[in-house]
Amino acid sequence: MSLTVEDRNRRMLRARDAMDSGFAQALDVAALARVARVSPAHFSRQFRATFGETPHRYLQRRRVERAMELLRETRRPVTEICFDVGFRSLGTFSRTFREIVGEPPSAYRDRFAGNGARLRVPACWAMTWLRPVG
């Protein structure tokens with residue numbers, strides 16, 4: 001039985017939702033493929049075809065997005081935030097954050113720390129403006 005495009009997309013959305021809700025956990029392609037009910041090799045190809053990026057890159061970007069929020073909204077140490085969002089190495093976190101955001105986590109935090117300034121815009125707008133590209 002052949003799946004329709006809508007069915008394939010729905011399966012990929014289920015896997016992406018699992019990544020969104022469990023971004024801080026160790027997630028592997030095999031587990032995500034089970035959620036999507038496809039083979040691991042097919043999952044990676046289909047995910048990229050559906051969303052335009054690999055599952056690994058999507059997960060990294062989601063983790064960085066959460067780290068950006070924590071860096072803006074808290075004074076927690078960068079190392080603590082790194083581990084809380086699911087990275088296992090501060091070096092990998094810093095390198096990935098810089099690749100996606102364009103600056104290191106500490107510089108990003110410093111831009112939002114001046115005079116206790118906080119974003120005064122609706123959260124949905126802020127997420128759109130601050131969403132990393134890449």
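Considering only helices (runs of 4 or more DSSP H) fully contained in segment 26-119, which possess at least 1 residues that are outside the structural domain of residue 10 (by TED's automatic domain parsing), without any contact (Cβ under 8 Å) to a residue 12 or more places away in the chain and acidic (Asp, Glu)? Talk me through it step by step, then tell me what you get.
Details: elements: 29-36, 40-51, 55-73, 78-84, 90-101, 105-113.
Counting at least 1 such residues, we get 55-73, 78-84, 105-113.
Just name the residue that is surrounded by the most Cβ atoms within 10 Å (Cβ to Cβ) out of those in segment 1-46 that are acidic (Asp, Glu) and farther than 13 Å from residue 58 by Cα. Break it down into steps so the answer makes sense when it comes.
Step one: of segment 1-46, the residues acidic (Asp, Glu) are 6-7, 17, 20, 28.
Still in the list and also farther than 13 Å from residue 58 by Cα: 6-7.
Numbers: 6: 8, 7: 12.
Ranking the qualifying residues of segment 1-46, first place goes to 7.
The values are calculated or read from the model by the stated rules, or taken from the named source; none is laboratory data. If you're wondering where the values come from, they're calculated on a predicted model, not measured in any experiment. Positions of Cβ are backbone-derived with ideal geometry, glycine not excepted, and every protein chain shown enters the neighbour counts.
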